[in-house]
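Structure, as structure tokens:
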Amino acid sequence: MKILIVEDEQLLRHHLNVRLSDIGHIVSAVATAKEALQQAIANNYDIAIIDIGLPGGTDGLELIRQLRANDYTFPILILTARGSWQDKVEGLSTGADDYVVKPFQFEELEARLNVLNRRASGIVQPILTAGNLRLDLNRKRAFCGDNPLQLTAYEYRLLEYLMRHHQQVVEKERLMEQLYKDEEERDSNVIEVLVGRLRRKLETQCGIQPIETVRGQGYLFKEPCH
Ligand code: CA
């Protein structure tokens, strides 16, 4: 993971940096909110560890507010002083995802980071849907409601490509490049046959006709996908 640490206590900052780097993470460790914002702009972090009590006029809570206001959505773990439950509550309501109370065991911090990271990866579902039609992008399977659609590998790839480029005209040439690595295998008649088969299956198994032919240009998956 790429981790941003914002902690003004030098010893703790150093310790976290070394321990997290040792187990293979890429770490940036800074002491102030100002530096943290600069780092966030310059890097793509997977997670941030932010101490609430920071010097320099901008504390950890304000830093979290600013990060969230600027659409940084990575998980944030806050470090709070023992007994300061207000910090925890305020931190979580400001946009942090979890907290660790100082002093803490490194193993606890590590476990919490892993949970946050797993949860964050789960937010982006590897599922593409258009109404009733659903693609499981990991398993490369299509469903209509809960029923699996019987598609060949080529039909599936064709459908996935069109859905990924929904509401855009996709040229036949581009589809051929997606389906066939070798140029000599590419044949626009084959694409027409495949699209025809795919359409029939979508219609008979799912009752939908989402693929339009745009004469002389290509194909259009007309339903919005998300
Ligand atoms: Ca502090």
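The values are calculated or read from the model by the stated rules, or taken from the named source; none is laboratory data. Source: prediction; values computed, not measured. Quick reminder, even Gly has a Cβ in these numbers, built from the backbone with ideal geometry, and neighbours come from all protein chains shown. Just the protein is used for accessible areas: all its heavy atoms, side chains included, with ligands, DNA and RNA removed. Shrake-Rupley method; radii C 1.70, N 1.55, O 1.52, S 1.80 Å.
Points worth noting:
- Here R134, R112, R141, R186 are screened, and the one residue that is over 17 Å from the mean Cα position of the chain (by Cα) and not assigned by TED's automatic domain parsing to the domain that holds G207 is R112.
- Where G24 falls short, out of the listed (1) within 23 Å of the chain's Cα centre (by Cα); (2) loosely packed, with under 14 Cβ neighbours inside 10 Å; (3) part of a helix (DSSP H, G or I): (3)
- Subset of the range 144-170 (residues that are more than 23 Å from the chain's Cα centre (by Cα), among the aliphatic types (A, V, I, L, M) and within 28 Å of G216 (Cβ to Cβ)): L151, L158, V169, V170
- Across the range 167-207, the number of residues qualifying as among the β-branched types (V, I, T), in contact with a strand residue (DSSP E or B) (Cβ under 9 Å, 6 or more places away or on another chain) and open to solvent by 50 Å² or more (accessible area, probe 1.4 Å) comes to 1.
- Filter result for D97 (farther than 30 Å from D22 by Cβ, under 26 Å from the mean Cα position of the chain (by Cα) and among the acidic types (D, E)): no
- Comparison of D51, D97 shows that the only residue that is buried (at least 20 other Cβ atoms within 10 Å of the Cβ) and in contact with a strand residue (DSSP E or B) (Cβ under 8 Å, 6 or more places away or on another chain) is D51.
- Restricting attention to the range 14-70, the residues that are closer than 19 Å to K2 by Cβ and of a type in the set (D, E, K, R) total 6.
- Within the range 194-226, tally of residues that are acidic (D, E) and touching a Lys or Arg at 6+ places or on another chain (Cβ under 8 Å): 1
- Subset of the range 124-165 (residues that are in a helix (DSSP H, G or I), more than 21 Å from D187 (Cβ to Cβ) and modelled with pLDDT under 90): R164
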